[in-house]
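Data first, discussion second: the structure below is written as structure tokens.
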Amino acid sequence: MAFEDLEPSNTHIVAIVLCRYTQGKDGQPVPNNYIVTAYQKFIG
């Protein structure tokens, strides 16, 4: 996603997301997604 107010020479925030599923009490899959890390980067 592009941003205009990041540190100088950076234009985007890159996020690494881990997508997992666990099994709920009823046996159905339950999503368990979360951001592992994020950093600013220049993408021209």
Solvent-accessible area per residue for the chain (1.4 angstrom probe, square angstrom):
90 Å²
What is the gain in length, in nm to one decimal, between PHE42 and ASP26 on full extension, counting 0.36 nm per residue of separation less the C-alpha to C-alpha distance?
1.2 nm
Here are some values of semi-axes √(5λ) of the Cα gyration tensor in Å: (i) 35, 8, 7; (ii) 25, 16, 4; (iii) 34, 12, 9. Which one was computed from this structure?
(i)
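Leaving ligands, DNA and RNA out of it, report the carbon-plus-sulfur percent of the accessible area of the chain at a 1.4 Å probe. Can you show the working numbers first?
Working: 2160 of 3950 Å².
Ligands and nucleic acids excluded, carbon and sulfur give 55 percent.
The values are calculated or read from the model by the stated rules, or taken from the named source; none is laboratory data. It should be emphasised that the depicted structure is a prediction, and the values quoted were computed from it without experimental measurement. What goes into the accessible areas is simple: the full protein's heavy atoms, side chains included, and nothing from ligands, DNA or RNA. Shrake-Rupley method; radii C 1.70, N 1.55, O 1.52, S 1.80 Å.
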